Structures are given as C-alpha cells and as structure tokens.
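Colleague: Before I ask anything, here is the structure I am working with.
The values are calculated or read from the model by the stated rules, or taken from the named source; none is laboratory data. Everything quoted here is computed from the prediction, not taken from an experiment. As a convention, Cβ positions derive from the backbone with ideal geometry for all residues, glycine included, and neighbour counts pool all protein chains shown. In case anyone asks, the SASA skips ligands and DNA or RNA and just uses the protein heavy atoms, side chains included. Shrake-Rupley method; radii C 1.70, N 1.55, O 1.52, S 1.80 Å.
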Amino acid sequence: MTPSAVDERTSAPPVQHEPVDASSAGPFAGAWQSCEGAPSPEECSRYLLVQRGDRICGTWSYLASGQAYEGRVVARATSSTEAQRTRVCGRPGAETDTECSDGWQSIDKPLLLCDGKLGDLTGADGTCFAEYQAAPNLQGEWKALQAEPWVQDCLSNAP
C-alpha cells in the first residue's frame, strides 16, 4: 500500500478530518529549519511536522551536492522532548532508499527537542544535538501540510 493510499481494508467511507489546531498541537509540531552552511533560505534543511497525541507525521527536505532531497516521515513521541522516527520515504539519499510511491522504509532514529530547537541526531555520548530552529516563515507550508489527506490518514492510522 502506498503512503498516500486510503486503507482499503475497511468498508467505511473516508473520514473528513479537520486540520490540527496549532494551539493544541504537541511539542514537535511546527515548521523547523537549519540554515547552517546554506547560501540562501531556499537551501535550508527542513522538517514540517504535525502532531496528534504521540503520533508525528510530516515532511523532511535537504540539499546535498546541489541535489534536492525530500520525503515523508512518521514518528512516535515517547516524551515531551524525545521521539523515535519509525517510517520514512522519499527521494533516495542519506535519509531513505524507498520512494514514497513504493511504500515506507522502517527506521529507528531520534527526533529530539532541546533548548527550543529540534534535532535528528544524538551526540556520541547520547546528548541532544539540535540545529533546527522554529521557522515562522514556513507557516503557510506547515498549514497546507496539515490538510494533506496522507497526513490526516497518518495521524489516524499506522502507515
């Protein structure tokens, strides 16, 4: 089943979901970007994350060697500052080897919040390494992501 497919195993019609209310969203929800070393804002690495309960769904993107990479991510919050990324898909590169049209790749990698920033790596000693800052300039993209059918399905069901 593709990440965008509605679960066809049920006979109930698809449910229309309202976008997540940002005021009630979890701590990982929002637009995040890291522009370290990026010559322009368009080349920043980004996460756009929507959270409902312990479920986190969203997109990631980065630029490497002049090539753009982007995809989707599913994670589960284990606390207010830690989550585990469990599924990923997108343009094959450092994050995944599975195109979203082919399904999901299982992973076990962190998402962390520390000092008001988001991180996707831990230091060698297990410390939080966070370089993604809140990106208010991406609120339009974040709000659009919330309305995507695959995100609403992801927040309600396992991929």
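Colleague: Take the residues in segment 52-80 that are in contact with a helix residue (DSSP H, G or I) (Cβ under 8 Å, 6 or more places away or on another chain) and either free of Cβ contacts under 8 Å to residues at least 60 places away in the same chain or more than 18 Å from W150 (Cβ to Cβ) (or both); name whichever of them is most open to solvent (accessible area, probe 1.4 Å). Walk me through how you get there before you give the answer.
Modeller: Let us first name the residues in segment 52-80 that are in contact with a helix residue (DSSP H, G or I) (Cβ under 8 Å, 6 or more places away or on another chain), namely 52, 55, 57-59, 63, 71-72, 74.
Applying the additional criterion that residues be either free of Cβ contacts under 8 Å to residues at least 60 places away in the same chain or more than 18 Å from W150 (Cβ to Cβ) (or both) yields 63, 71.
Details: L63: 69, G71: 11 Å².
For segment 52-80, the residue satisfying everything is L63.
Colleague: Return the only residue of G90, G26, G37, G66 being touching a strand residue (DSSP E or B) at 6+ places or on another chain (Cβ under 9 Å) and on the phi > 0 side of the Ramachandran plot.
Modeller: Exactly one residue qualifies, and that residue is G90.
Colleague: Identify the residue in segment 129-157 that is of a type outside the set (F, W, Y) and free of Cβ contacts under 8 Å to residues at least 40 places away in the same chain and, among all such residues, is most open to solvent (accessible area, probe 1.4 Å). Before you say what the answer is, go through the steps one by one.
Modeller: Initial filter on segment 129-157 (of a type outside the set (F, W, Y)): 130-131, 133-141, 143-149, 151-157.
Those left that are additionally free of Cβ contacts under 8 Å to residues at least 40 places away in the same chain: 130, 140, 144, 148.
Numbers: A130: 25, G140: 55, A144: 58, E148: 79 Å².
Going through the qualifying residues, I end up with E148.
Colleague: Shifting gears a bit: Which of the numbered conditions does C114 fail, given that it passes all the others? Conditions: (1) surrounded by fewer than 21 Cβ atoms within 10 Å (Cβ to Cβ); (2) modelled with pLDDT of 95 or more.
Modeller: Going through the list (1) surrounded by fewer than 21 Cβ atoms within 10 Å (Cβ to Cβ); (2) modelled with pLDDT of 95 or more, C114 breaks only (2).
Colleague: Out of all the residues in segment 46-78, which are more than 14 Å from W142 (Cβ to Cβ), polar (S, T, N, Q) and at pLDDT 95 or above?
Modeller: Within segment 46-78, just T78 meets the criteria.
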